[in-house]
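Heads up, the thing below is written out as structure tokens.
The values are calculated or read from the model by the stated rules, or taken from the named source; none is laboratory data. Please read these numbers as outputs of a predicted model, since none were measured by experiment. When the accessible area is computed, the model is the full protein with side chains, heavy atoms only, and any ligands, DNA or RNA have been set aside. Shrake-Rupley method; radii C 1.70, N 1.55, O 1.52, S 1.80 Å.
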Amino acid sequence: MVFGVFGGRAGAREGLMETMWYAAPDSLDAAFYFAAEEYLTTRFSKEGRVLLLWRTEPGVMLGVNQAAEAEVDLAEAERLGVSLTRRSSGGGAIFTDPGTLLFTVILPFRIGEDDAKRLEREYVAGPIVRVLNQMGVPARCEGRNDITVDGKKVSGLAQYARGGRLCTHGSLLYDADLDTLARVLRPDAQKTASKSVRSVRARVANL
């Protein structure tokens, strides 16, 4: 993993250093990145911010409390060579592959004082939406932690706090295999029945 430093102002929040560490790894193993997140969150600098950009082989990432058999067609995932990995944050299962850009932002965090969702909007979701808008993409923040374009999800975010640090990570679909995504992810049957929710394939889109 290669590390570097961004100079300049780190933002308006008092107490943040005026630098950001960034990592440029070359692995496609999701488990490696979750281990790297854990290390950077609990063992790395407690003051500076960290940005990690990464991609993976085809895989499904499960939220910390999810049951794999309820979220994934396990037989189809095995047949297609799609791996399963569990992350430390909550939220739903997501499919990622080399056509998905994944990102991690790690910030100092004071439990009981800082607002995790505000930090997510200010330092992660907000900047992504602004950049996409500047590129002519009508992206917007929607729901608890989604970024959508024309009503379709292109990005989802999740968080966890540990040891005075807040880890926010997410995915950005730009050339993902949406057919494989639809084959391995199981939509919430109860939600589909009660709210007429569209299929997984119809609710997501590539940039």
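Over segment 33-103, the hull volume per residue, using the convex hull of the C-alpha atoms, is 87 Å³.
Surface exposure of segment 126-193, expressed per residue as accessible area with a 1.4 Å probe, stands at 53 Å². Over the C-alpha trace of segment 55-160, radius of gyration and Dmax come out as 15.3, 47 angstrom. Got a number for the accessible area of W54? Probe 1.4 Å, square angstrom, nearest 10. Approximately 10 Å² of W54 is accessible to the 1.4 Å probe. Of all aspartates and glutamates in the structure, those lying under 14 Å Cα to Cα from K153, and not within fewer than 8 positions of it along the same chain, are E142, D175.
The accessible surface of segment 38-149, taken with every protein chain in place and a 1.4 Å probe, is 52 percent carbon and sulfur.
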